[in-house]
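Below: one structure, written as structure tokens.
The values are calculated or read from the model by the stated rules, or taken from the named source; none is laboratory data. None of these values were measured; they are calculated from a predicted model. Note that we place each Cβ from the backbone using ideal geometry, even for glycine, and neighbour counts take in every protein chain shown. Quick note on the areas: whole protein, heavy atoms, side chains included, nothing else; ligands and nucleic acids left out. Shrake-Rupley method; radii C 1.70, N 1.55, O 1.52, S 1.80 Å.
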Amino acid sequence: FSIEGRPDFTPEESVEVPVDSVTPNYFQVMGVPLLQGRFFDESDAPTAPAAVIINRTFARQFFEAESPVGRRIKYGQIASQAPWMTIVGVVADTRRTGYESVVRPETYQPLTQAQDSAMTVVVRTTRQTDFEEKLKKKVQTSGCAQGTVFGDLMEAFDEITLAPTRFFPTQSAS
């Protein structure tokens, strides 16, 4: 990626920065707080200037003490034809690959402006309902080439990612 007003990163400085395409309420559903700026909203339409939200690690690593909100970045080198995206917000860090994983710089773009067609559906509910079955049927009849729906995802995720950190009783010979 590139930062407007700065030279391209050298190969040694290059950092892989993942991008996720998300809906406007993604961060609220996932419980990720906004630290600066704004979340995505209806103004981030396909024809609007490209917007991007970054995480705290990205802000600290590449903008240090200055506010990144209003600055522009792009995926690719400065000379590339990729569009410049304005940073509209900074969100708290998340651990995408597990609780013990290293937090890395991350970017998010509004789904309405995304170039990819992959999507992950995240649902948060406060009660047991038949929602899971309804969602499975909707995905199966949507015409998607593939679709998988998992129930109780966060509980399963916690089981998998917390397993190595649980304390188990041990016996020692004295």
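Taking the stretch 5-58 as the region of interest, the strands (runs of 3 or more DSSP E) fully inside it that hold 3 or more residues being modelled with pLDDT of 95 or more and surrounded by fewer than 18 Cβ atoms within 10 Å (Cβ to Cβ) are 34-37. Among the residues of the stretch 63-92, those that are assigned to a loop (DSSP other than H, G, I, E, B) and modelled with pLDDT of 95 or more comprise Ser67, Pro68, Val69, Gly70, Arg71, Trp84, Ala92. Condition check: more than 19 Å from the chain's Cα centre (by Cα), open to solvent by 70 Å² or more (accessible area, probe 1.4 Å) and touching a residue at least 24 places away in the same chain (Cβ under 8 Å). Does Pro83 satisfy that? Answer is yes for this residue. Picking from residues in the stretch 95-133 that are polar (S, T, N, Q), open to solvent by less than 40 Å² (accessible area, probe 1.4 Å) and not in a strand (DSSP E or B), the one that is modelled with the highest pLDDT is Gln113. Residue-level check: of (1) over 16 Å from the mean Cα position of the chain (by Cα); (2) farther than 16 Å from Ala114 by Cβ; (3) surrounded by fewer than 16 Cβ atoms within 10 Å (Cβ to Cβ), Phe63 misses just (3).
Output the residues belonging to the stretch 29-38 that are of a type in the set (A, V, I, L, M, F, W, C) and over 13 Å from Ile87 (Cβ atoms). Selection gives Val29, Met30, Val32.
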